[in-house]
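*Asks:* Supplied in structure tokens, the structure appears directly below.
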Amino acid sequence: MTLNSDVPLDFCPQPTTDGAALRSAERVGTVLRHALDHGLLGTSQPVAAFLDIDGIRASVASLQAAFATVPEVLHTFAAKAASLVPVLRLLAGLGMGCEVASPGELRLARDAGFAPSRIVLDSPAKTREEIAEALALGIALNADNLDELDRIDTLRPADCASVIGLRVNPQVGGGTIGAMSTATATSKFGVALRDAGGRDRVVQAFVRRPWLTRLHAHVGSQGCPLELIAEGIAETYRLAEEINATVGRQQITSLDIGGGLPVNFTDDDVRPTFDDYTRALRAAVPGLFEGRYALVTEFGRSLLAKNGFIAARVEYAKQSGGRRIAVTHAGAQTATRTVLMPGSWPLRVGAFDAEGRPRTGPTEAQDIAGPCCFAGDIVAEGRDLPVLAEGDWVVLYDTGAYYFSTPWAYNSLPRPAVHGYTADGGAVRLAPVRDAQTLDEIAAESGARHTDRLLALTPSGPATTR
Ligand SMILES: *Cc1c(COP(=O)(O)O)cnc(C)c1O
């Protein structure tokens with residue numbers, strides 16, 4: 001396993017000349033000490049996650065400001081980036097809508113209080129039942145392909161309130177992370193525009209369906225350059241113009257431009273910013289901001305990633321083959337992508353002592369390992385950090401999106417608790433977002449209700465039951 005050792009990812013929360021890094025480490029240290037004092041972290045709570053609520057408000061405000069000149073815009077939050085009901089409720093209160101891609105995410109969005117008209121359903125595998133439910137509720141929906149449009153033809157009620165769109169794949173290419181690139185030639189998402197006849201089939205699909213009023217493109221996520229995303233949206237915009245010209249009226253009234261603004265995981269800087277993004281969009285598609293089309297956005301990672309961290313206790317500090325290894329309680333169960341794809345998803349690690357003070361002292365290359373029983377459960381390899389000891393705390397920065405909110409049940413490790421905090425003015429206040437999973441809950445999710453059922457399953461036993 002290699003972690004780009006030439007990239008300066010190492011993060012020591014000691015006094016440094018980097019003002020921003022110091023601010024972040026100080027703020028996190030303050031929250032860490034508060035959580036230790038209040039028993040939210042300790043020997044029996046060896047891992048927990050924290051969300052910066054001041055930071056989330058600021059991120060949403062910067063998104064809204066970047067698009068402020070667009071007359072009609074609905075910013076939806078991609079629920080998969082932080083599938084936590086209190087977070088979705090907070091975002092609803094800040095004026096956002098919600099992008100969902102499964103019955104589970106739809107349920108969370110509705111529990112959080114989003115009005116159906118502010119929910120957008122995207123998924124490449126919607127069942128007929130899911131489509132019918134969304135259309136009955138008036139939830140906006142983006143069909144992934146032309147067969148899905150055929151289903152909608154038969155399922156759409158006469159008085160349907162849903163805005164219905166079609167997702168296209170502008171096939172402009174991929175970014176640095178293949179798994180995050182949705183506009184490659186062979187992507188599984190949307191209708192491929194550059195395939196032979198693809199563009200014409202899309203135009204005809206709109207000609208035949210006067211109720212089809214939106215085009216959707218989500219070009220990619222982490223690793224995609226802004227210019228690539230902007231080019232995909234420009235292609236989608238040109239298609240909308242072509243369709244409207246063909247039908248001779250403005251049938252397409254809105255464009256859903258997806259999310260995908262990448263996040264800088266190497267230091268405290270927010271870059272690119274939402275302003276950088278709208279600048280790139282303006283350059284590639286000047287007409288996009290003129291108000292002819294209402295806009296929908298679907299950002300996830302860029303709103304939440306830098307507003308969250310995981311804190312985990314160092315249970316043992318050991319050595320093997322001359323390598324120092326800190327065995328902590330944060331591994332693949334809560335930093336799944338980083339552990340499984342360390343080259344693509346490196347995280348900054350902070351070192352704090354048992355009282356939550358930034359660890360000082362000589363640094364040494366150390367592996368930061370997790371609790372999972374496979375050798376690759378390492379969140380940072382050979383990282384230069386102050387030497388860690390049992391009882392210290394490590395912090396995984398920038399994990400507010402797609403990390404603790406999307407845990408992996410490996411080794412039946414519990415989902416860690418999530419707390420929201422505000423720390424403006426120095427005083428820390430905390431509120432629960434999600435409780436840590438209990439052993440009873442783990443057993444229930446692991447089929448405990450059916451404990452004896454396999455014993456009775458024999459060729460001569462009772463007939464199939466559920
Ligand atoms: C995942 C996803 C998003 C959010 O992507 P981010 O990179 O988190 O902004 C938006 N739209 C669709 C369709 C997605 O699949």
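*Asks:* Can you confirm whether Thr336 is within 20 Å of Met180 (Cβ to Cβ), modelled with pLDDT of 95 or more, in the same structural domain as Gly420 (by TED's automatic domain parsing) and within 16 Å of the ligand (Cβ to nearest atom)? Before the answer, list the steps.
*Replies:* Numbers: within 20 Å of Met180 (Cβ to Cβ): yes; modelled with pLDDT of 95 or more: yes; in the same structural domain as Gly420 (by TED's automatic domain parsing): yes; within 16 Å of the ligand (Cβ to nearest atom): yes.
Spelling it out, Thr336 is indeed within 20 Å of Met180 (Cβ to Cβ), modelled with pLDDT of 95 or more, in the same structural domain as Gly420 (by TED's automatic domain parsing) and within 16 Å of the ligand (Cβ to nearest atom).
*Asks:* Output the number of residues of region 379-427 satisfying the condition of being part of a loop (DSSP other than H, G, I, E, B) and more than 16 Å from the ligand (Cβ to nearest atom).
*Replies:* The first filter runs over region 379-427 and keeps only residues part of a loop (DSSP other than H, G, I, E, B), leaving 387-392, 397-409, 413-416, 423, 427.
Filter once more, keeping what is more than 16 Å from the ligand (Cβ to nearest atom): 387-392, 397, 407-409, 413-416, 423, 427.
Result for region 379-427: 16.
*Asks:* Condition first: assigned to a loop (DSSP other than H, G, I, E, B), under 18 Å from Pro124 (Cα atoms) and in contact (Cβ under 8 Å) with a residue 12 or more places away in the chain. Now tell me which residues in region 164-186 satisfy that.
*Replies:* First, pick out the residues of region 164-186 that are assigned to a loop (DSSP other than H, G, I, E, B): 170-177, 182-186.
Narrowing further to those that are under 18 Å from Pro124 (Cα atoms): 170-171, 182-186.
Of everything in region 164-186, those that are assigned to a loop (DSSP other than H, G, I, E, B), under 18 Å from Pro124 (Cα atoms) and in contact (Cβ under 8 Å) with a residue 12 or more places away in the chain turn out to be Pro170, Gln171, Thr182, Ala183, Thr184, Ala185.
*Asks:* Residues of region 231-264 being within 16 Å of the ligand (Cβ to nearest atom) and of a type in the set (D, E, K, R), which ones? If you could, list the steps in order and put the result at the bottom.
*Replies:* At the first step, the residues of region 231-264 found to be within 16 Å of the ligand (Cβ to nearest atom) are 232-233, 236, 254-264.
Result: Asp256, single match.
*Asks:* Can you tell me which residues in region 175-203 are buried (at least 21 other Cβ atoms within 10 Å of the Cβ), within 23 Å of the chain's Cα centre (by Cα) and away from the ligand (no atom under 14 Å from the Cβ)?
*Replies:* Passing the criteria: none in range.
*Asks:* Inside region 67-87, can you point out the residues that are under 27 Å from Thr253 (Cβ atoms) and away from the ligand (no atom under 14 Å from the Cβ)?
*Replies:* Listed by number, the residues that qualify are Phe67, Ala68, Thr69, Val70, Pro71, Glu72, Val73.
*Asks:* Is it the case that Gly260 is in the same structural domain as Gly173 (by TED's automatic domain parsing), assigned to a loop (DSSP other than H, G, I, E, B) and farther than 24 Å from Tyr421 by Cα? Please lay out each step first, then the result.
*Replies:* Numbers: in the same structural domain as Gly173 (by TED's automatic domain parsing): yes; assigned to a loop (DSSP other than H, G, I, E, B): yes; farther than 24 Å from Tyr421 by Cα: yes.
Here the answer is yes, as Gly260 does meet what is asked.
*Asks:* Could you pull out the residue among Ala134, Ala158 that is among the small types (Gly, Ala, Ser), in the same structural domain as Val73 (by TED's automatic domain parsing) and away from the ligand (no atom under 16 Å from the Cβ)?
*Replies:* Going through Ala134, Ala158 in turn, the sole match is Ala158.
*Asks:* Among the candidates Gly376, Gly370, single out the residue that is more than 24 Å from Val270 (Cα to Cα) and either of a type in the set (Lys, Arg) or surrounded by fewer than 18 Cβ atoms within 10 Å (Cβ to Cβ) (or both). Quick ask: steps written out before the conclusion?
*Replies:* On the way: Gly370 fails: either of a type in the set (Lys, Arg) or surrounded by fewer than 18 Cβ atoms within 10 Å (Cβ to Cβ) (or both).
Matching residue, one of Gly376, Gly370: Gly376.
*Asks:* If you take the residues in region 204-230 that are closer than 20 Å to Ala140 by Cα and of a type in the set (Gly, Ala, Ser), which one is nearest to the ligand (Cβ to nearest atom)?
*Replies:* Ala217
*Asks:* Now, a different point. Applying the selection to region 292-313, what residues are within 13 Å of the ligand (Cβ to nearest atom), more than 25 Å from Arg214 (Cβ to Cβ) and among the basic types (Lys, Arg)?
*Replies:* Of everything in region 292-313, just one residue is within 13 Å of the ligand (Cβ to nearest atom), more than 25 Å from Arg214 (Cβ to Cβ) and among the basic types (Lys, Arg), namely Lys306.
*Asks:* What about Cys224, is it surrounded by 17 or more Cβ atoms within 10 Å (Cβ to Cβ) and in a loop (DSSP other than H, G, I, E, B)?
*Replies:* Details: surrounded by 17 or more Cβ atoms within 10 Å (Cβ to Cβ): yes; in a loop (DSSP other than H, G, I, E, B): yes.
Criteria met by Cys224.
*Asks:* Being under 23 Å from Pro86 (Cα atoms) and without any contact (Cβ under 8 Å) to a residue 12 or more places away in the chain is the filter here, so list the residues in region 420-439 that pass it.
*Replies:* The answer is Ala427, Arg429.
*Asks:* Somewhere in region 266-278, is a residue without any contact (Cβ under 8 Å) to a residue 24 or more places away in the chain and under 30 Å from Val202 (Cβ atoms)? Full working, then the answer.
*Replies:* The initial filter retains those residues of region 266-278 that are without any contact (Cβ under 8 Å) to a residue 24 or more places away in the chain, namely 271.
Of the ones still in play, those that are also under 30 Å from Val202 (Cβ atoms) are none.
Looking through region 266-278, none of the residues is without any contact (Cβ under 8 Å) to a residue 24 or more places away in the chain and under 30 Å from Val202 (Cβ atoms).
The values are calculated or read from the model by the stated rules, or taken from the named source; none is laboratory data. Fair warning: this is a prediction, and the values are worked out from it, not measured in the lab. So basically every Cβ, Gly included, is an ideal-geometry build from the backbone, and we count neighbours across all protein chains shown.
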